[in-house]
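Q: What follows is a structure written as structure tokens; I'll ask about it next.
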Amino acid sequence: MTNEHVLARLHRWWWRGIDAIEAHLVERRHAANIRVFCLGFAAVLSVIWCLQWLAGWREDLNALYRPGWWGPTLVWQAGLIAWLLGMAAWGKRARDARASHPWAVQLALVPALGGIVVLGVAHGLHDTPVPMLILNVLVFARGLFAWREVRWALALSVLLVLASEWLTGSGHMPYAPLLSAPVFTGAALHPWWALWVRVLFVLAAVLMSLVLFCLAVAVQRRRAELETLVRTDALTGLANRREFMTQLEREAHRQARSGRPMSVVLFDVDHFKQVNDRWGHPAGDEVLARIGALLKAHTRDQVDTAARYGGEEFVLLLPDTGVNEACLVAEKIAVRLRQERFTVGDQGFHVTQSVGIAQVVEGDLDQALRMADRNLYQAKQAGRDRMVASVAFPEDVKRPAWAV
Amino acid sequence: MRRLLERIFEEFTPNARVLVAVGAATPFLIVYFVLHGMALRHEEFRQGLHAGPVVGLQALFLLCSVVNLGIGVKLWPRRWVNEPADDLTQLACLSIGLAYTLLCMLSGTFTSGTNLILVGVLAIGLLLFELQPMVVAYLVCAVLLVGQDVAVMAGWLPYAPALSEGLFSGGKPVWWFVWWRQYVLYAGWVVMIGLLLFLLARLDHLHDNLTRLSYTDGLTGLANRRRFMDVLGTELARQARQGQALCLLLIDVDHFKEVNDRHGHHAGDAVLRDLGRILMASVRTPTDLPARLGGEEFAVVLPDTRLDEARRVAERLREQVATHVFQDGDQRLRVTVSVGLVVARDMNLATLLQQADLALYRAKETGRNRVVEAVERAP
């Protein structure tokens, strides 16, 4: 396998993973998300449990723990893991995607967040990786569930942290009660303790970065989608009317400054009502979509704006284009449209369009749009399937329009 | 605060965001610079520090601050221009990321305080910038961190080179180190929790907007064609299962083309908006669903509704539209609608729509401004 294959595959996995995480983040199905949360947190807890269990094998390591505390802590952690796995199993069985299980969510979140905070207090909050893990669990929980479902568990963990700080500060409780050996005194770390710290820090940092990157991708995707949705017309994929107006205004300013020519081209499908009535709405939609594609193919990317102006009306905004060139563009599009054959069942039909063109003068948009509209009207009056063009001089509406 | 954050992330140009990042990070770097300088001068604090690495860090902070200020000065005139300066963005990500990474490396990577600082910087960066500069900066910093840790494990470098044993007396950290660690941990926690909750709330908000927008018509605020089709499909399936009556009204504005041509598109839009409002007011929400199918065509799905009720709804609607005076600026105009009414009895979606279309067509044929019921034909 070549390097590119590996990279492409990694890339694909990465995005598939993000898609899967996003689906859980966004869809908020209780049962499925409880399962994900419990399995993920149980995995992290298991790592801690294994490290601690390993310490029990050797006398010198066991001496790091307060005498008599090693075994019970292990059992207590195993109990928490079992509880989470049980919840995960329940989540798998409760497949009903839409049902809401508020109590089940609390039954998973409160023990999980409470448990990790107790674990953190037991190991010492100030120089261990556990605060990072607490943060991880919290983000994980908030990502999978709504804020109002997480807040009780969050409040509980904040209370536990504050209480432990007060108890240690006032001398009622030793710092890191689970450990007997001082953890970090400035002397070299015990190798096992160094391993414990490293493994958990790497775990916490990697998870946290992953979560942050996933969230950033999800937010950026949503923003991009939202932007397209707001700016484009769903059927044709062209800009919608609002976006066209924005572009028009921007280009008009530029035109007024630079003095270069700019044209507006209005298209209207001839007898579109009849197409809809006779061939059905799906055929009408097909016509509009095909015209959208035609317009897009015949305009310059990033420079021109092609938009759906309303029902069966389209509009092109052509900066740096005089009325003659605009006529050429419109003519090309009209010719191509005439050649397009639409089929419904085994019958086919053709459509044509009328075109009104106006060149903008001195950035006067309203005038140009009105002029283009009037030209379009004239094209319709003159028998359709033709175009009428003129230059929209501000004062001048009487100047003869010439038909092409 | 939340409003301000929203504004920064929604409306600021990429260049303005770089300025936000630089403006937020540099003062902290300067505060660190001053604090470290003061600590080096006091005997009590100096005992806990190794002067060499700290002075090196000071130089780095100074360098990064100067770079950041330079970026700020360079981008300030272009702050509202929507043409991102990619190289400067990358430089800002790297300089801020490196400053904090080296701070954490020198004072020990394996405490939660330093980790929270790093993760916090990452979170803020991801909120402000595009993915690419952040990935580059992240990789550079990650390589440094991993490299340092490998060197520590191999014994080539001491862990936390800037700190000395003087921080501990009798196995206990000195008061100011305890205080400092506590401060960093809790400040980091609060900031991180706030940031993450904000980030997640933003994701939810965006997602809700997306769902709402993709199911509503922009002009009238009614349901759009997609949602109409979805709902009609579900209601038809329910009708087939439970046998309750389901009615559909198809509504089309009469001579709408003329409204547009004579009074302009603006007036046409105003008419459509008003019509949307009338439709919304005349149905029993939330069971009934008024929708705009496109152009001047509207529809109402009436679940659990018998023919005579639907007829009453349709007639009332037609009358309300016919008597309503539509206004656009100082233009006043009246329009009428034609309505096709159909009762769904064990039909599929296509037949139902076709029947409704036919009824609407006959309403238009027979003179408009009326309600026509679909005649059931033997299959």
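Q: Listed residues B:Leu29, B:Leu60, B:Leu40; which is assigned to a helix (DSSP H, G or I) and over 28 Å from B:Ala92 (Cα atoms)?
A: B:Leu40
Q: Then there is this: Filter region A:1-47 for residues that are of a type in the set (Phe, Trp, Tyr) and either touching a strand residue (DSSP E or B) at 6+ places or on another chain (Cβ under 6 Å) or buried (at least 20 other Cβ atoms within 10 Å of the Cβ) (or both) and give the result.
A: Within region A:1-47, A:Phe37, A:Phe41 meet the criteria.
Q: Next up: Take region A:129-145 and flag every residue that is in contact (Cβ under 8 Å) with a residue 24 or more places away in the chain, within 20 Å of A:Gln77 (Cα to Cα) and facing chain B (nearest Cβ under 7 Å).
A: Listed by number, the residues that qualify are A:Pro129, A:Met132, A:Leu135, A:Leu138.
Q: Criterion first (modelled with pLDDT under 90 and among the basic types (Lys, Arg)) does B:Arg292 satisfy it?
A: So B:Arg292 does not fit the description; no.
Q: Within region A:312-332, identify whether any single residue is touching a residue at least 40 places away in the same chain (Cβ under 8 Å), surrounded by fewer than 16 Cβ atoms within 10 Å (Cβ to Cβ) and in contact with a helix residue (DSSP H, G or I) (Cβ under 8 Å, 6 or more places away or on another chain), and answer yes or no.
A: No, region A:312-332 contains no residue that is touching a residue at least 40 places away in the same chain (Cβ under 8 Å), surrounded by fewer than 16 Cβ atoms within 10 Å (Cβ to Cβ) and in contact with a helix residue (DSSP H, G or I) (Cβ under 8 Å, 6 or more places away or on another chain).
Q: May I pose another question? Could you identify the single residue in A:Phe244, A:Phe267, A:Phe272, A:Phe314 that is closer than 23 Å to B:Gly264 by Cβ, at the interface with another protein chain (Cβ under 10 Å from one of its Cβ atoms) and aromatic (Phe, Trp, Tyr)?
A: Answer to the selection: A:Phe272.
Q: Moving on to the next point. Do any helices (runs of 4 or more DSSP H) entirely within region A:1-104 hold 1 or more residues that are within 30 Å of A:Phe213 (Cα to Cα) and at pLDDT 80 or above, and if so, which?
A: Result: A:3-27, A:30-55, A:70-93.
Q: While we're looking at this one, here's another question. Condition first: out of contact with any Leu (no Cβ under 7 Å at 6 or more places or on another chain) and crowded, with 24+ Cβ neighbours inside 10 Å. Now tell me which residues in region A:364-374 satisfy that.
A: A:Ala368, A:Met371
Q: In region A:117-128, how many are facing chain B (nearest Cβ under 10 Å) and β-branched (Val, Ile, Thr)?
A: 1
Q: Additional query: Hey, any hits in region B:247-264 for a residue that's surrounded by fewer than 20 Cβ atoms within 10 Å (Cβ to Cβ), of a type in the set (Lys, Arg), assigned by TED's automatic domain parsing to the domain that holds B:Arg312 and touching a residue at least 40 places away in the same chain (Cβ under 8 Å)?
A: no
Q: It is to be established whether one or more residues within region B:121-131 are of a type outside the set (A, V, I, L, M, F, W, C) and more than 13 Å from chain A (Cβ to nearest Cβ).
A: No: zero hits.
Q: Identify the residue in region B:99-120 that is at the interface with another protein chain (Cβ under 8 Å from one of its Cβ atoms) and of a type in the set (S, T, N, Q) and, among all such residues, is nearest to the chain's Cα centre (by Cα).
A: B:Asn115
Q: From A:Arg93, A:Arg66, which residue is under 30 Å from B:Trp176 (Cβ atoms) and either aliphatic (A, V, I, L, M) or more than 28 Å from the chain's Cα centre (by Cα) (or both)?
A: None of the other options fit; the residue is A:Arg66.
Q: Which residue is surrounded by the fewest Cβ atoms within 10 Å (Cβ to Cβ), if the candidates are limited to region A:250-272 and must be outside any helix (DSSP H, G or I), out of contact with any helix residue (DSSP H, G or I) (no Cβ under 6 Å at 6 or more places or on another chain) and hydrophobic (A, V, I, L, M, F, W, C)?
A: Among residues in region A:250-272 that are outside any helix (DSSP H, G or I), out of contact with any helix residue (DSSP H, G or I) (no Cβ under 6 Å at 6 or more places or on another chain) and hydrophobic (A, V, I, L, M, F, W, C), the one surrounded by the fewest Cβ atoms within 10 Å (Cβ to Cβ) is A:Val269.
Q: A follow-up question, please. Residues in region B:213-239 that are in a helix (DSSP H, G or I), facing another protein chain (nearest Cβ under 10 Å) and closer than 22 Å to A:Val26 by Cβ: how many?
A: Qualifying residue count for the region: 3.
Q: Of the residues that make up region B:81-92, is at least one polar (S, T, N, Q) and modelled with pLDDT under 90?
A: yes
Q: Which condition breaks for A:Tyr377 when tested against (1) hydroxyl-bearing (Ser, Thr, Tyr); (2) surrounded by 22 or more Cβ atoms within 10 Å (Cβ to Cβ); (3) at pLDDT below 90?
A: Going through (1) hydroxyl-bearing (Ser, Thr, Tyr); (2) surrounded by 22 or more Cβ atoms within 10 Å (Cβ to Cβ); (3) at pLDDT below 90 one by one, A:Tyr377 breaks only (2).
Q: Here's something else I'd like to know. Tell me whether region A:154-174 contains one or more residues that are part of a loop (DSSP other than H, G, I, E, B), closer than 30 Å to B:Ser169 by Cβ, more than 10 Å from every other protein chain (Cβ to nearest Cβ) and touching a Lys or Arg at 6+ places or on another chain (Cβ under 6 Å).
A: no
Q: Considering only helices (runs of 4 or more DSSP H) fully contained in region B:256-341, which possess at least 1 residues that are more than 13 Å from chain A (Cβ to nearest Cβ) and over 38 Å from the mean Cα position of the chain (by Cα)?
A: B:307-323
Q: Scan region A:213-232 for residues that are out of contact with any Asp or Glu (no Cβ under 9 Å at 6 or more places or on another chain) and either more than 11 Å from chain B (Cβ to nearest Cβ) or surrounded by fewer than 21 Cβ atoms within 10 Å (Cβ to Cβ) (or both) and jot them down.
A: A:Phe213, A:Val219, A:Ala224, A:Glu225, A:Leu226, A:Glu227, A:Thr228, A:Leu229
The values are calculated or read from the model by the stated rules, or taken from the named source; none is laboratory data. What you see is a predicted model, and the numbers here were worked out from it, not measured in a lab. Positions of Cβ are generated from backbone atoms using ideal geometry, with glycine treated the same way; all protein chains shown enter the neighbour counts.
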